[in-house]
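The structure appears right after this line, and notes come after that.
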Amino acid sequence: MARSVWKGPFVDPSLLKKVEKQKSQSNPAPIKTWSRKSTIIPEFIGISFLIYNGKKFIPIKISEEMVGHKLGEFSPTRQFHGHTPADKKAAAAAKPSAAVPKAKTGGSSAEK
């Protein structure tokens, strides 16, 4: 269920403080955060974040298209390592049979 409109978007208060502090700096460093549940608001545009994914911090630069989404959406927590070796063998076995061209049958009347 979505958050009610009258409450407004959730943003961690400590994250808001860090963003306001960084806006006054001339050479800002990325903001390190564990708050994946915070919503991206227009004040965050142009700011770099380091968002924790459970193992490491993923660097993200906020753009206009990201407003309204959550920070955690841009820091995936699961790594896809491919399918099982049995699936790879089946795909490799099916590939050569499809690559063999079929021989022509019949011929044109000019060849006869």
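Determine, yes or no, whether Phe80 is among the aromatic types (Phe, Trp, Tyr) and either assigned to a loop (DSSP other than H, G, I, E, B) or touching a Gly at 6+ places or on another chain (Cβ under 8 Å) (or both). Judged against the criteria, Phe80 is a match. Exactly one residue among Pro9, Pro28 is in contact with a Ser or Thr (Cβ under 6 Å, 6 or more places away or on another chain), in a loop (DSSP other than H, G, I, E, B) and at pLDDT below 95, and that residue is Pro9. Scanning the range 15-33 for residues being more than 17 Å from Gly68 (Cα to Cα) and either under 22 Å from the mean Cα position of the chain (by Cα) or surrounded by 13 or more Cβ atoms within 10 Å (Cβ to Cβ) (or both) gives a total of 7. Inside the range 34-46, residues that are among the small types (Gly, Ala, Ser) and either surrounded by 12 or more Cβ atoms within 10 Å (Cβ to Cβ) or at negative phi (or both) make up a count of 2. With respect to (1) at pLDDT below 95; (2) of a type in the set (D, E, K, R); (3) surrounded by 16 or more Cβ atoms within 10 Å (Cβ to Cβ), the lone exception for Lys70 is condition (1).
So which residues in the range 20-38 are farther than 13 Å from Ile51 by Cα and either touching a residue at least 60 places away in the same chain (Cβ under 8 Å) or touching a helix residue (DSSP H, G or I) at 6+ places or on another chain (Cβ under 6 Å) (or both), if there are any at all? Break it down stepwise before answering.
Going through the range 20-38, the residues farther than 13 Å from Ile51 by Cα turn out to be 20-29.
Selection gives Pro28 alone.
When you scan the range 47-58, do you find a residue that is surrounded by fewer than 11 Cβ atoms within 10 Å (Cβ to Cβ) and under 19 Å from Ala29 (Cα atoms), even just one? Looking through the range 47-58, at least one residue is surrounded by fewer than 11 Cβ atoms within 10 Å (Cβ to Cβ) and under 19 Å from Ala29 (Cα atoms).
In the set (1) surrounded by 14 or more Cβ atoms within 10 Å (Cβ to Cβ); (2) modelled with pLDDT under 95, the condition left unmet by Gln79 is number (1). The set of residues in the range 38-61 being assigned to a loop (DSSP other than H, G, I, E, B), over 15 Å from the mean Cα position of the chain (by Cα) and polar (S, T, N, Q) consists of Ser38 alone.
The values are calculated or read from the model by the stated rules, or taken from the named source; none is laboratory data. Computed from a predicted structure; not experimentally measured. Note: ideal-geometry Cβ built from the backbone for every residue, glycine included; neighbour counts use all protein chains shown.
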